[in-house]
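As structure tokens, the structure follows; a few thoughts come after it.
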Amino acid sequence: MNRYRALRREGFTLIELLVVMATIALLAALLLPILGKAKSRAQRTQCLSNLRQLGLSWIIYYQENNGWLAESYCAGNSNAWVMGDMRLAAEATNPDLIRQGKLFPYSRQTDLYHCPTDKGVTIGGQTYASVRSYSMNSFMGARDPAIGPIPPSASTYVPFFSKDSDLRRPSELWVLLDEDERSIGDGFFITDPAARVWFNFPAISAHRHDFSFGLAMADGHSEVWRHHDPHTRLVAMPQTEQAGNHDLERLASASTIPK
């Protein structure tokens, strides 16, 4: 009888099992947010690394081309920094178009052009795993002056920077950024220097670095900018008017300079 009672004491009662299960569930609830944040930080670090490497490729390009900057203007331009329009299904999934860009010889990895948090573009109600998440500042690189200012509100600003010697305070000017999948098309990111309209917009969503985005600056370093203006989260399509938006003003001031 004593041996039988000793064996019974070695097991768990129902209450003890429930306590253990409740403890495990509590620990899981505490750890999941921590693991989620760790994953988010790792993805942001990878995105910044991509932008930093592409930014260095941009610098090497002009160093090897007598100071001429890689061209951001993409429409019918065989000298553009990258090819492919993410609004077209056949091009959005084609890595060969990245290989045709002028920067690719300096960073020969197509995955450098994709943010790990980018879930792809939606075209005709279907989502496609797009090969590119980044776009270039529309004021970087020469283009035909006959094209006119892009956007029209840029008429009183430097229309484009042709050479590295044109860049004043390069640490304050951005070259490449993480563009929102609802905005991205070709690699030409248009910013309103008057800060009234989001012609294109950077990543603005919880899954893209928790409402922040990465940029490669003209001096070679990369940064993460967080959206602070509450109106920014309302942006869902290009050409959204938001005069007075502080996030748009910050991006505009780092895109070009007055004449």
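The values are calculated or read from the model by the stated rules, or taken from the named source; none is laboratory data. Keep in mind that this is a model prediction, so the values were computed, not measured. Using ideal geometry, Cβ is built from the backbone for each residue, glycine included, and neighbour counts are taken over all protein chains shown.
Tabulated results
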item: Residue list for region 200-247, filter: under 24 Å from Asp85 (Cβ atoms) and either surrounded by fewer than 17 Cβ atoms within 10 Å (Cβ to Cβ) or of a type in the set (A, V, I, L, M) (or both); result: Ala203, Ile204, His207, Leu215, Ala216, Val235, Ala236, Met237, Pro238, Gln239
item: Selected residue (criterion: surrounded by the fewest Cβ atoms within 10 Å (Cβ to Cβ)) from residues of region 130-140 that are of a type in the set (A, V, I, L, M) and not in a loop (DSSP other than H, G, I, E, B); result: Met140
item: Candidates Thr117, Thr127 - the one that is crowded, with 20+ Cβ neighbours inside 10 Å and either part of a helix (DSSP H, G or I) or under 22 Å from the mean Cα position of the chain (by Cα) (or both); result: Thr117
item: Among (1) of a type in the set (Phe, Trp, Tyr); (2) free of Cβ contacts under 8 Å to residues at least 60 places away in the same chain; (3) surrounded by 21 or more Cβ atoms within 10 Å (Cβ to Cβ), the one test that Trp81 misses; result: (2)
item: Where Ala195 falls short, out of the listed (1) touching a Phe, Trp or Tyr at 6+ places or on another chain (Cβ under 9 Å); (2) surrounded by 15 or more Cβ atoms within 10 Å (Cβ to Cβ); (3) in a loop (DSSP other than H, G, I, E, B); result: (1)
item: Pairs with Cβ under 8 Å, 6+ apart, first in region 238-259 and modelled with pLDDT under 95, second in a loop (DSSP other than H, G, I, E, B) and of a type in the set (S, T, N, Q); result: Lys259/Thr156
item: Phe211 modelled with pLDDT of 95 or more, in contact with a Cys (Cβ under 7 Å, 6 or more places away or on another chain) and not aliphatic (A, V, I, L, M); result: no
item: Within region 231-259, considering residues that are charged (D, E, K, R) and farther than 20 Å from Arg169 by Cβ, the one farthest from the chain's Cα centre (by Cα); result: Glu241
item: Only one of Arg182, Arg143 that is modelled with pLDDT of 95 or more, within 26 Å of Ser40 (Cα to Cα) and either not β-branched (Val, Ile, Thr) or not in a loop (DSSP other than H, G, I, E, B) (or both); result: Arg182
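Conditions tested, residue by residue: (1) closer than 20 Å to Val121 by Cβ; (2) free of Cβ contacts under 8 Å to residues at least 24 places away in the same chain; (3) of a type in the set (A, V, I, L, M, F, W, C).
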{"site": "Asp180", "(1), (2), (3)": "yes, no, no"}
{"site": "Asp186", "(1), (2), (3)": "yes, no, no"}
{"site": "Phe189", "(1), (2), (3)": "yes, no, yes"}
{"site": "Asp192", "(1), (2), (3)": "no, no, no"}
{"site": "Phe199", "(1), (2), (3)": "yes, no, yes"}
{"site": "Ile204", "(1), (2), (3)": "yes, no, yes"}
{"site": "Ser222", "(1), (2), (3)": "no, no, no"}
{"site": "Pro230", "(1), (2), (3)": "no, yes, no"}
